[in-house]
Amino acid sequence: MFARWQQSRCDAYARGVVDTTPLTRAVDHFADRLRAAPQSRLQRGAAAEALGLARQLARWAQELEEPGVEPREMPDAGMFAAADQITVAAHDLAVVIPSGADVDDAVRLVEEAQKRAGV
């Protein structure tokens, strides 16, 4: 697993480094808002929205890392883990994302999910 991660990092440098700062900032902001949200807000759908985003980002990263392999689904670890799950998924995607345009698309996904979550 480490060798695959290390190879993906080398591949990223070979094709040029992509600035993923906008993605990590957007997801860190969303995660902070989730952590500060009351339990009632999480129960009303914010946590489910975050889990949906985490699954989407994780699937995207897996498809980039292992094309042609069926992506594994991120499990539901509970509403209090949703912030951590989007953070992990986005940071995994940031390692392998191929272009600035893809970063922009990912940021848009994060921002839309945050609006739907109401946090």
**Prompt:** Can you tell me the accessible area per residue over the chain, all protein chains present, probe 1.4 angstrom, in square angstrom?
**Reply:** 58
**Message:** Just to confirm the number: angle between the C-alpha axis of helix 100-117 and the first principal axis of the chain, 0 to 90 degrees, nearest 10?
**Reply:** 10
**Request:** Could you tell me how many degrees, from 0 to 90 and to the nearest 10, lie between the Cα long axis of helix 2-15 and the main elongation axis, the longest principal axis, of the Cα atoms of the chain?
**Result:** 70
**Request:** On the protein heavy atoms, probe 1.4 angstrom, tell me the percent of accessible surface of the chain carried by carbon and sulfur.
**Result:** 52
**Prompt:** Ranked from highest to lowest mean number of other Cβ atoms within 10 Å per residue, what is the order of the peptides 66-77, 18-29?
**Reply:** 18-29, 66-77
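Compute the signed sum of charges (Lys and Arg +1, Asp and Glu -1) over the other residues within less than 10 Å, Cβ to Cβ, of GLY118. The partial results should precede the final answer.
Working: positive: ARG33, ARG41, ARG44, LYS115, ARG116; negative: GLU49.
Around GLY118, the charge tally is +4.
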**Asked** In what sequence, highest mean first, do 38-49, 103-114 appear when ranked by Cβ atoms within 10 angstrom?
**Response** 103-114, 38-49
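The values are calculated or read from the model by the stated rules, or taken from the named source; none is laboratory data. What you see is a predicted model, and the numbers here were worked out from it, not measured in a lab. Neighbour counts are summed over all protein chains in view; Cβ atoms, including those assigned to glycine, are modelled from backbone coordinates with ideal geometry. The accessibility values were calculated without ligands, DNA or RNA, using every heavy atom of the protein model including side chains. Shrake-Rupley method; radii C 1.70, N 1.55, O 1.52, S 1.80 Å.
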